[in-house]
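See structure below.
The values are calculated or read from the model by the stated rules, or taken from the named source; none is laboratory data. It should be emphasised that the depicted structure is a prediction, and the values quoted were computed from it without experimental measurement. No Cβ is skipped: glycine too gets one built from the backbone with ideal geometry, and neighbour counts run over all protein chains shown.
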Amino acid sequence: MEIVKKSTLYTISAFVSGAAVMAIEMSATRLLAPYFGNSLYVWTNVIGLIMMALAAGYYCGGRLADQKPKASIYFSLIFLTGAWALVIPFVSGPFFAIITRSFSNLAEVVRIGSFVAVAFLFVFPLFLLGMIVPFTVKMVLVHVEEAGTVSGKISMISTLGSLVGTFLPAFVLIPVLGTTKTFVCIGIVLMLLAAFGLRKWIFVIIALASVGFLWLVPPVFAHDSIIYAKDSPYGFVFVTEDEEGVRRLHVNNPIGTQSLYDPASPLAPEPYYYSYFGVLPAMVETPQTVLILGHGGGSFTRIFNAYYPELSVTGVEIDPTMTEAAELTMGLLDATVEIVYADARTYLLNTEKNYDLILVDTYQTSSIPAHLATHEFFELVHSRLNEGGLVALNASSASGDFLNSLVKSVDIHFDQMAAYAVPNSTNSMILGSDDLNFDFLRAVPEMLSEKAAAVTEGLYEFSFSDEVEVFTDEKATRVEILSDAMHMQVLQGF
C-alpha cells in the first residue's frame, strides 16, 4: 500500500530543515560570543528561545497544513528561512552592538541583552523551520490509519538531519569556511531546495544571485589592517599589523590582544604586559622548565628563548589555529618550544611532568573559562609545581569582586601571594608560591632590569574579608556572572 506521495522531495526537505535548525543554533553562538560571551546564560537563552520557537512552529505549522496543504506554501516557508539565514551574519554585528549599549546595568547585558538578540534575530527562522515537520507529515500522508508510521518516519528523518546539522558546522563548515559563509551555505541550500520544490526559475535565479552577491561581501569588521583571519572551533582568529610593523593576535574582537610580535625586539612595547612577565624566571632559583597555559602566539616564548636560553619551554594551547596564525605571521616557526594542543586543565590532569614556573594566560577579555578560575584548578596547578616553584596569572581586565575571588581562590593553595598591576594596562600579575623570592634583581638579564625594578617596587599583598567567596567547580556560574559583567564594561567603553 502506498502511504506517501512525492516522498523523496518531502523527505529531503524534512532532513535539510532539521539540519538547518541545529546548524543555525550552533552558528548563532559564534555571532553572539564577541558581544555577550558564551556563558551558561547565553546558551540558556539560545536553547530556550529556539525550543520555544520550534514549539510554536510545530503548532502553527500543523494548523496551517490542515487549512492550506499546498506545496507552494510549504516551500515558500523554506525559501523565506533561507533568505533570512543569508542576512543574519551581515546585520548581527551592528545590531548586537546597539543592544550592548542600551543597558545601564552591565549584569543585565548578558542575561537580558542576549535574550533580546536571540529573540529578534534567530526566533523567526527557527519558528519557520518548526512548521516544516507537521507540514511534511500532512503533505505525504495518504491514509489516516498510517499517520503514526508517517509521523514517526518524518520525525526520525528530521532528527537525523539535526544530528548532521550539529556536527557539520562545528567540525567542517565553521573551521573551513568561517561563520559568515556557514550561514551563507545554510541559506543557499534552503533557498535552492525551495526553488526546486516551487518549480519556478525566478526563485532559482533569486537564490543564486543573492548567494553570489553575499559570498563576495567580507565579514563586517573594524580593522583594515588584517593580515590573517580564520574561523576555528574556538573563535574568530585574526592578526593585525600597524604602521610600525607590530603585529597583534586577536580572538573574536579587537578589544583584547592575545599575543604581540615586534620584529625589532622580543620585548613588547608599552603598555603591553608581556615584558613584565619576562622577569618571572629570575624569581625561581635555577629555573629549568616553564609551562605556559594559553600559549597563544608565543609572546612569552620569544622572551624566554631570547633571555633565558637554558629554559625548556612547554606551551599548552587549545586552538591549533592560534599556532598557525603565529607561525605564518609572528615568527613562531623560529621559536624553541614544545606545543601541546589540549585544554589547560585536561593537560594538567594527564601529565606527569612538574615545572619550575607555570604561567596561566588563558583569560581573554571576552571570555574567562570558568573551569580555569576555580580553587580546584589552582590546586591542580600547585600539584604540578616543583619545590620552590612559582605560578603566575595574567588577570586580564580583572577587577572588583571577580579579582578578589580569583586571588582568594589561588591564595588558599599557596603560602605566599603577591600581585603587580602592569602600568597603563588592564593586566594584573598574580603570583603564588610556597617560597616567593623577592630578591631576584641580580638574576634578571640586563635588558629586563628596568621591568624587574618596576615589579619589585610595585608588588603588593592582597587582604581579604570573610565575605569574599572562593570560586568552586560546584558553583562555576559565579565566575561567568562576574566575568561577563567585566566583559560588558570593557565592551561598552571601547
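Scanning region 366-413 for residues that are under 16 Å from D473 (Cβ atoms) and of a type in the set (D, E, K, R) gives E376, E379, K408.
The residue list E352, E327 contains one member that is closer than 23 Å to V381 by Cα and either acidic (D, E) or surrounded by fewer than 21 Cβ atoms within 10 Å (Cβ to Cβ) (or both), which is E352. Every condition in (1) surrounded by fewer than 22 Cβ atoms within 10 Å (Cβ to Cβ); (2) in a loop (DSSP other than H, G, I, E, B); (3) in contact (Cβ under 8 Å) with a residue 60 or more places away in the chain holds for G245 except the one numbered (3). In region 409-446, of all residues being at pLDDT below 85 and either in a helix (DSSP H, G or I) or not assigned by TED's automatic domain parsing to the domain that holds L359 (or both), the one that is farthest from the chain's Cα centre (by Cα) corresponds to R442. Quick one: would you say T240 is assigned to a loop (DSSP other than H, G, I, E, B) and at pLDDT 80 or above? No.
Restricted to region 207-237, and to residues there that are in a helix (DSSP H, G or I) and buried (at least 17 other Cβ atoms within 10 Å of the Cβ), the residue that is modelled with the lowest pLDDT is L214. The sole residue among M51, M22 that is at pLDDT 95 or above and surrounded by fewer than 20 Cβ atoms within 10 Å (Cβ to Cβ) is M51.
Being in contact with a Lys or Arg (Cβ under 7 Å, 6 or more places away or on another chain) and either crowded, with 19+ Cβ neighbours inside 10 Å or free of Cβ contacts under 8 Å to residues at least 60 places away in the same chain (or both) is a property that holds for P266. Against the conditions (1) part of a helix (DSSP H, G or I); (2) farther than 21 Å from I174 by Cβ, P69 satisfies every one except (1). For the residues A85, A56, the requirement of being in contact with a Phe, Trp or Tyr (Cβ under 9 Å, 6 or more places away or on another chain) and either surrounded by fewer than 15 Cβ atoms within 10 Å (Cβ to Cβ) or within 19 Å of F183 (Cα to Cα) (or both) singles out A85.
Scanning region 248-285 for residues that are within 17 Å of A306 (Cα to Cα), of a type outside the set (A, V, I, L, M) and more than 25 Å from the chain's Cα centre (by Cα) returns D262, P263, S265, P266, P269, S275, Y276, F277, G278, P281.
Of all residues in region 186-200, those being outside any helix (DSSP H, G or I) and crowded, with 19+ Cβ neighbours inside 10 Å number 0. Of the residues T323, T314, T362, the single one that is at pLDDT 95 or above, under 27 Å from F36 (Cα atoms) and not assigned by TED's automatic domain parsing to the domain that holds A33 is T323. Based on this model, can you work out whether F90 counts as farther than 25 Å from F196 by Cβ and in the same structural domain as G18 (by TED's automatic domain parsing)? Against the criterion (farther than 25 Å from F196 by Cβ and in the same structural domain as G18 (by TED's automatic domain parsing)), F90 qualifies. Residues that are at pLDDT below 90 and either over 19 Å from the mean Cα position of the chain (by Cα) or not aliphatic (A, V, I, L, M) (or both) within region 150-174 comprise V150, S151, F171, listed in sequence order.
Residues in region 332-359 that are β-branched (V, I, T) and either outside the structural domain of L403 (by TED's automatic domain parsing) or within 22 Å of A282 (Cα to Cα) (or both): T336, V337, I358.
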